[in-house]
1. Do you know which residues across region 58-74 are of a type outside the set (Asp, Glu) and surrounded by fewer than 20 Cβ atoms within 10 Å (Cβ to Cβ)?
2. Does region 44-57 hold any residues that are open to solvent by 60 Å² or more (accessible area, probe 1.4 Å) and more than 13 Å from the chain's Cα centre (by Cα), and which are they?
3. Identify the single condition in (1) surrounded by 11 or more Cβ atoms within 10 Å (Cβ to Cβ); (2) within 14 Å of LYS52 (Cβ to Cβ) that ASP81 does not satisfy, given that it satisfies every other one.
4. Taking the condition aliphatic (A, V, I, L, M), in contact with a Phe, Trp or Tyr (Cβ under 8 Å, 6 or more places away or on another chain) and open to solvent by 40 Å² or more (accessible area, probe 1.4 Å), does VAL138 pass?
5. So, in region 118-160, of the ones that are touching a residue at least 60 places away in the same chain (Cβ under 8 Å) and within 14 Å of LYS89 (Cβ to Cβ), which residue ends up farthest from the chain's Cα centre (by Cα)?
6. I need the full set of residues from region 97-117 which are open to solvent by 40 Å² or more (accessible area, probe 1.4 Å) and either among the hydrophobic types (A, V, I, L, M, F, W, C) or within 18 Å of the chain's Cα centre (by Cα) (or both), in order please.
Amino acid sequence: MIKQIATGVLAAAATAALALSMSPAASATTASAAHRDSDSWGPVFSRDHLAKADGWINVDWDEDQESNTVDVRGRLFDLDDRDSDEGGKCAYVKFESSDFDHDWSPVYSRKYCGFPGFKRFSFHTEDSSSVRVKVCQVGEHGSYQTKCGRWEYIYTAEDE
């Protein structure tokens, strides 16, 4: 009888320990399932690597696969530790979307000054066959883009 009670207590303890050890794994699985429809993109850098952006993109198509909504979330990092008197610049990100006729249009841009931090952003566009991103630097009080990296494609319908 005592052996059965001891075995039962040990089994209960082992089950509780297993459940506790699996909780973080279960949470991670749940978190990744929430982002299952999203694909990460980036990091994308300015040419001098003093500005950076990264994030997630999600594309939802209608029932007939004729129209879509593209949601983009991200972070823009200012990595330039110089102040403006020393030639320091702010981070700048811009996005373009191509419609189904392959005509490109600007859809979003964001400027962030705040070394060593980052700024979150999000936007959506509709009926996109492709989305691309470019990271640059710009003066704190200006709009002239400099040190731009290359255009990076973060979505193309052909890949689906």
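The values are calculated or read from the model by the stated rules, or taken from the named source; none is laboratory data. Quantities reported herein were computed from a predicted structural model and do not represent experimental measurements. Please note: Cβ atoms are built from the backbone with ideal geometry, for glycine as well, and neighbour counts cover all protein chains shown. Keep in mind that these areas ignore ligands, DNA and RNA; they rest on the heavy atoms of the full protein, side chains included. Shrake-Rupley method; radii C 1.70, N 1.55, O 1.52, S 1.80 Å.
1. Residues satisfying the conditions are ASN58, VAL59, TRP61, GLN65, SER67, ASN68, THR69, ARG73.
2. Within region 44-57, PHE45, ARG47, HIS49 qualify.
3. Single failed check for ASP81: (1).
4. So VAL138 fails the test.
5. This residue is LYS147.
6. Answer for region 97-117, where residues must be open to solvent by 40 Å² or more (accessible area, probe 1.4 Å) and either among the hydrophobic types (A, V, I, L, M, F, W, C) or within 18 Å of the chain's Cα centre (by Cα) (or both): PHE100, TRP104, VAL107, TYR108, SER109, ARG110, LYS111, TYR112, CYS113, PHE115.
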